[in-house]
Every structure is written in C-alpha cells, then in structure tokens.
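Visitor: One structure coming up, written as structure tokens, with questions to follow.
The values are calculated or read from the model by the stated rules, or taken from the named source; none is laboratory data. Source: prediction; values computed, not measured. Because the Cβ atoms are built from the backbone with ideal geometry, glycine has one as well, and the counts that use them run over all protein chains shown. These accessible areas exclude ligands, DNA and RNA; they are computed on the full protein's heavy atoms, side chains included. Shrake-Rupley method; radii C 1.70, N 1.55, O 1.52, S 1.80 Å.
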Amino acid sequence: MDREQLTELIVAGKVRPCLDRAFPLDQVQDAMRYFESGQVRGKVAITIPPPQ
C-alpha cells in the first residue's frame with residue numbers, strides 16, 4: 001500500500017489509530033512505566049493542557 005492509498009483511507013475514516021491510553025503531561029513517568037510493561041495494545045498518548 002502506498003502513501004496515497006493510506007491517506008485516502010484515513011480521510012475516508014476507514015483507518016484510524018488505536019489509542020490504548022492517554023496520560024496527562026504531569027504523569028509522563030506513569031505513561032512510560034505502562035509503555036514498558038508490555039501491556040500496551042495501541043498508542044500511548046501524552047495530553048498537554050491548553051495555554052492559559
């Protein structure tokens with residue numbers, strides 16, 4: 001599959017990333033421990049709060 005085909009599938013909503021868990025920025029250490037545990041079945045995201 002080439003990049004154009006993949007882009008078309010993403011735009012069409014037929015392919016999307018699998019998010020396992022999201023951690024707030026102040027819990028990065030917990031996120032890394034979870035990631036290294038081998039239990040992850042998708043992406044691990046770090047959420048950043050909007051500027052105040």
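Visitor: For residues that are open to solvent by 100 Å² or more (accessible area, probe 1.4 Å) and not in a helix (DSSP H, G or I), tally how many sit in the stretch 4-18. Steps first, please.
Guide: Pass one, the stretch 4-18, residues open to solvent by 100 Å² or more (accessible area, probe 1.4 Å): 4, 8, 11, 14, 16-17.
When the remaining residues are screened for being not in a helix (DSSP H, G or I), the result is 14, 16-17.
Total meeting the criteria: 3.
Visitor: Name the residues in the stretch 19-52 that are open to solvent by 70 Å² or more (accessible area, probe 1.4 Å), in a loop (DSSP other than H, G, I, E, B) and in contact (Cβ under 8 Å) with a residue 12 or more places away in the chain, would you?
Guide: ARG41, ILE48, PRO49
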